[in-house]
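The values are calculated or read from the model by the stated rules, or taken from the named source; none is laboratory data. All of these numbers come straight from a predicted model, not from anything done at the bench. For neighbour counting, all protein chains shown are included, and Cβ atoms are generated from backbone atoms with ideal geometry for every residue, glycine included. Accessible surface areas use protein heavy atoms only, side chains included; no ligands, DNA or RNA. Shrake-Rupley method; radii C 1.70, N 1.55, O 1.52, S 1.80 Å.
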Amino acid sequence: MARLVQKPTINNQPATNNQQMTISNQLWEANQDIAQACLLHPFVQGIAYGTLPSAKFAYYVGQDAFFLEAFARAYSVAAAKAPDWEAFMTFHDLAAGVLQELRLHEGYATKWGVDLRSVQPGATTRHYTDFLLATAWGGDVGLITTAMSPCMRLYAFLGEKLAEDGIGEHQYTDWIRTYSSSDFLSLVQQLESLVDRFATASTPVHSTYRYAMLYEQEFFQAAWQFGE
């Protein structure tokens, strides 16, 4: 598994035809290579067709639950830094959405016999959550939302693509339904509205977004390699 050793930077500016786009859309479009790689990743394709070995998914559930707890904490830190009441309330709404995701994971955990209270984070999970929380504590609201947006936008993209031709009935159907739902998309749009309000089209913002996207890809890879 490749290691993320050095934080990459992106020096190129968005193309001229993207200048009228929102910052959140610019960032997403600039990272389509990683989004497509995640869509085609064998872990995600295994979810799509219901063929992913259950042991790999069970490992993913535990790691993702650990990650989501850090994600909720990052939302709370961002809320404390919010410059106005509207943003403060939006961050708390988004944190409530994370709690709903965690309840989904609890259902998975029961089904596959995973004790979420005893999960030990793998290296990729630890690195990702450390990066996220360090950004939350050390960055401004614009940078925090930039670091958190890739996870939300990517999962909505994956859910939409996996549900495009209908959702088959198999053991991962609920995962696809959750991330292709209008409720989840609404949370994504709320977060991206905060990115558009508070982030600027700067090198640190582009770099932070891509770094988080790379960790999303690594997260799937770590789960795919579990048990091998």
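In the elastic network of the chain, a GNM with C-alpha springs shorter than 10 Å, the most mobile of 79, 156, 37 is 37.
Structural descriptor for the chain: relative contact order 35 percent, calculated from alpha carbon pairs under 8 angstrom and at least 6 residues apart. Full extension of the chain between residue 169 and residue 22 yields a length gain of 49.2 nm, computed as 0.36 nm times the residue separation minus the alpha carbon distance. Across 197, 153, 117, mean-square fluctuation computed from a Gaussian network of the chain (C-alpha pairs under 10 Å connected) peaks at 117.
The calculated FRET efficiency for residue 193 paired with residue 228, based on their beta-carbon distance and R0 = 35 Å, is about 0.30. Between residue 55 and residue 160, the contour length at 0.36 nm per residue exceeds the Cα-Cα span by 35.3 nm.
Radius of gyration over Kirkwood radius for the range 100-149, both on Cα atoms: the Rg/Rh ratio is 1.11. Between residue 29 and residue 130, the contour length at 0.36 nm per residue exceeds the Cα-Cα span by 33.8 nm.
Hydrophobic, long helices, defined as DSSP H runs whose alpha-carbon span along the helix axis is 30 Å or greater and whose mean Kyte-Doolittle value is at least 0.0, occur in the chain at 54-81, 141-162.
Counting charges near residue 65 (Lys, Arg +1; Asp, Glu -1) among other residues having Cβ under 12 Å from its Cβ returns a value of -3.
Given the options 204, 53, 150, which has the most mean-square fluctuation in a GNM of the chain, springs set between C-alpha atoms less than 10 angstrom apart? Of 204, 53, 150, the most mobile in the Gaussian network model is 53.
Note on the chain: with neighbouring protein chains present and a 1.4 Å probe, carbon and sulfur make up 51 percent of its accessible heavy-atom surface.
Residues whose amide H falls under 5 Å from that of residue 52, counting only those 5 or more places apart or on a different chain, are 47, with hydrogens built in the peptide plane.
Test of understanding: extend the Cα→C-beta vector of residue 96 to 7 Å, then name every residue of the range 172-194 with backbone N under 20 Å from that spot. So the set is 178-179, 181-194. With all protein chains kept in place, the per residue accessible area of the chain amounts to 46 square angstrom at a probe of 1.4 angstrom. With the Cα gyration tensor of the range 17-151 giving a ≥ b ≥ c as the square roots of its eigenvalues, does the rule (a/c under 1.5 for rounded; else a/b larger than b/c for prolate; else oblate) give rounded, prolate or oblate? Here the range 17-151 falls in the oblate category. For a test of the definition: using alpha carbon positions, the gyration tensor, and the 1.5 limit on a/c, classify the range 103-228 as rounded, prolate or oblate. Since a/c reaches 1.5 but b/c is at least a/b, the shape of the range 103-228 is classed as oblate.
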